[in-house]
Structures are given as structure tokens and as C-alpha cells.
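The values are calculated or read from the model by the stated rules, or taken from the named source; none is laboratory data. On a predicted model such as this, the values are computed, not experimentally measured, just so you know. Positions of Cβ are backbone-derived with ideal geometry, glycine not excepted, and every protein chain shown enters the neighbour counts.
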Amino acid sequence: MSQSGLQSVQKRPFLSIFIGLLAVSLGYLLLWPVPFDPIAGPERQPNPAGTGVFAKNNELAKAQLIDSGHGPEGIAFDGEGRLYTGLHNGDVVRLRLERGFELIGNTGGRPLGLNFDAQGQLIIADAIAGLIAMAPDGTVTTLATDFEGKRMIFVDDLAIASDGKIYFSDASQRHAYGSDIIEVFERRPSGRLMVYDPRDKSLAVLLDDLYFANGVALSQAEDFVLVNETFEHRIMRYWLDGPKAGTADVFIDNLPGYIDNITEGPNGSFWLAVVSARADELDALVPAPFMRKVVWRILQLTGGSPAQQHSYAVKLDANGKPLVSLEDDSGHIYMMTSVLERDAKLYLGSLTNHAIGVLPAP
């Protein structure tokens with residue numbers, strides 16, 4: 001055999017291997033099963049980040065950090081002004097001045113939104129355990145876990161009205177806590193705004209088909225309740241009283257990130273926590289469900305994530321107009337899930353950080 005013929009034979013196996021690897025790679029990217037069934041959505045509006053009220057700053061990076069334990073998502077104060085939060089392992093803890101946090105109890109799940117009722121019970125939206133109440137001694141009472149015979153798999157946040165009614169979000173009926181990133185790629189709305197009345201233990205749905213129902217807050221006059229749609233970058237308003245009672249409208253939309261909890265602020269205002277900045281690449285793929293499958297496969301292969309270490313605290317007036325935007329992309333405050341104003345200070349919770357941030361309210 002001539003030398004050129006030998007070289008030709010030697011090259012063919014390498015070419016075959018290359019073609020085989022290429023075929024496998026394309027097969028994975030185009031055909032590998034994904035755990036969701038995506039649908040197309042409308043084109044996104046331009047991201048307002050960096051413009052107007054959302055002009056770039058790093059004000060949140062000035063926050064003092066108070067060690068709390070892993071994942072202090074929600075924050076609440078009791079009647080004595082003591083701070084409470086819930087952690088990733090189910091613990092509910094209370095801050096002791098100069099002595100750190102002490103354990104109050106454990107929910108057996110993942111406590112997210114927190115608020116105290118008029119009787120001094122800590123009402124907890126627990127992603128796994130449902131809507132529950134915790135007494136001062138740590139005893140847990142279950143309020144609601146099921147609706148119409150079906151388990152609520154992602155109870156998320158809550159607000160309590162003066163008449164005792166508890167308005168809360170059931171983030172998704174499709175994907176449980178820990179799998180919520182799938183919602184970004186699937187875009188099949190199944191979140192709900194619900195109300196529980198402790199007087200007769202009734203449970204009702206006020207709004208459904210929400211794009212991951214998250215933070216909940218009541219207006220100062222309690223004539224409407226707000227619920228955040230994390231993956232739609234908007235807040236919906238459900239009217240409780242007045243001529244619009246029983247109807248819903250958009251309070252504000254096209255926000256610069258994935259919105260989490262919302263809390264009542266002074267003078268009818270609200271504080272909104274933006275857990276992560278919008279991924280413009282994913283915004284561009286909203287009308288393209290097939291390409292979202294491809295991106296999902298790439299992220300699974302590389303271990304990447306669309307979540308960024310870039311959070312915002314946004315103050316809204318009673319009509320939904322943005323007044324203030326504070327942000328941090330340095331990693332000091334990250335995955336920020338709640339902003340609570342008290343005594344001229346902002347208290348900042350986080351899904352994954354090990355501390356609560358504190359800084360003067362603007």
C-alpha cells in the first residue's frame with residue numbers, strides 16, 4: 001500500500017468519530033427530552049434597566065449583613081418589635097439584640113412569606129407544608145394544604161387583612177419548590193391568588209392562570225390586594241372593594257427583573273424585591289418555545305443558570321409608579337427576596353444568602 005493510501009485509511013476513523021460526535025451533540029440539543037412542554041408568548045417590551053428611575057447604582061451594596069442562617073427569605077416583626085425569619089431547613093428564628101438568632105420552631109418544610117396575625121400567631125406561607133400558623137412556643141397548626149381535593153404544591157407569600165382574612169399565593173400547580181426555574185422555560189401559567197378565612201376555615205381562588213404567583217400585599221385602605229407574577233415581570237391588582245370589586249387589572253408591568261415578594265410601605269407605598277435581573281437572552285426567546293428547549297439542554301449540560309447576582313429594591317407609590325430603585329450587582333446582596341421597611345430602615349431577605357441585609361431607608 002502506498003503512503004498516501006495509508007494516510008487516507010488513517011484519516012477515515014477520525015472523520016467517522018467526528019461525524020458521530022457531531023450527530024450525538026445535535027441529537028442531544030434538538031431531541032433530548034425536557035421536563036416541560038413550552039408554549040410561545042408575545043415579544044417582550046424593551047427592558048427598562050438602566051433608564052429613568054432604574055438608572056444604574058449599587059446602593060444595596062452598602063447594606064450591613066446580619067448572620068441568620070441559610071436562606072432568610074421572608075421577614076416579619078412581632079408586636080414587641082422583634083425580627084423573625086424562616087430558613088432553608090425549615091427553622092423559624094428570632095433575632096436577639098447583640099446575641100444573634102434563636103430557634104423558635106421548625107415547619108417541616110420551607111417557610112417563605114411571614115406575617116403576624118392579630119392574635120400574635122406567626123402565619124407562614126410554606127412552600128412544602130402549606131399555609132400554617134406558628135404559636136410563640138413554636139407549635140405549628142396547619143391552616144390549609146389542599147384545595148378542591150388537590151394539594152397546593154408551592155404556597156409562597158401572604159398578607160393579612162384587618163378582618164383576619166389571609167391572602168396568599170400558590171405559585172404554581174405544575175412545578176413544586178426547587179423546580180420553579182422550569183416555569184421560565186415553559187411559560188404555562190398556573191399560579192393562583194387565594195384567600196383563607198380563619199373564621200369559617202374557607203378557602204377560595206381570587207385569580208388564577210398567573211405566571212408564577214409570588215409576593216402578596218394589601219393596599220393601605222384594604223380595597224385591593226397585589227400579587228406578583230415573577231416570570232411576567234408584572235404585578236396584578238385584585239379589587240376587594242368599590243365599583244371594581246371582584247375584577248383585576250395590571251398594577252405595573254415591564255419591570256427590570258424577576259420579582260419576588262412585595263410588602264406594604266409608609267403612606268400607601270410598597271417595597272418590591274427583585275430577586276434577579278432579567279436575562280435579555282431569555283426575553284428574546286419568549287416567542288420561540290423550541291429554542292427554549294435547546295437553551296435548557298445547554299444549561300443542563302454546562303450547569304449554567306439564567307439567575308444573576310443582581311438584585312433590586314424598588315419602591316412603588318399607591319398607584320404603581322416607581323419612586324426609588326436601589327440595586328446591587330456586586331454579590332454583596334444577592335438573590336434578594338424581600339424588602340421590609342421599619343423604623344426608617346430597610347430589612348432585606350434572601351433565598352440563598354446566609355444573612356439579612358440592613359440599610360437606611362431612602
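Observations, loosely collected:
- Qualifying residue in region 62-72 (condition: of a type in the set (Ser, Thr, Tyr), touching a residue at least 60 places away in the same chain (Cβ under 8 Å) and in contact with a Phe, Trp or Tyr (Cβ under 7 Å, 6 or more places away or on another chain)): yes
- Listing of strands (runs of 3 or more DSSP E) fully contained in region 61-158 that carry 1 or more residues being among the β-branched types (Val, Ile, Thr): 64-67, 75-77, 83-86, 91-96, 100-106, 122-126, 130-134, 140-144
- Residue within region 95-117 that is over 22 Å from Gly349 (Cα atoms), surrounded by fewer than 23 Cβ atoms within 10 Å (Cβ to Cβ), of a type outside the set (Asp, Glu) and touching a Pro at 6+ places or on another chain (Cβ under 9 Å) present: no
- Verdict on Trp271 being among the aromatic types (Phe, Trp, Tyr) and over 29 Å from Ala344 (Cα atoms): no
- Qualifying residue in region 41-51 (condition: part of a strand (DSSP E or B), at pLDDT 95 or above and not hydroxyl-bearing (Ser, Thr, Tyr)): no
- Residue in region 207-228 that is at positive phi and either crowded, with 20+ Cβ neighbours inside 10 Å or assigned to a strand (DSSP E or B) (or both) present: yes
- Top-ranked residue of region 287-345 - restricted to ones that are part of a loop (DSSP other than H, G, I, E, B), of a type outside the set (S, T, N, Q) and touching a Gly at 6+ places or on another chain (Cβ under 9 Å), ranked as surrounded by the most Cβ atoms within 10 Å (Cβ to Cβ): Ile333
- Test: residue in region 13-21 that is modelled with pLDDT under 95 and either under 30 Å from His332 (Cα atoms) or among the small types (Gly, Ala, Ser) (or both): yes
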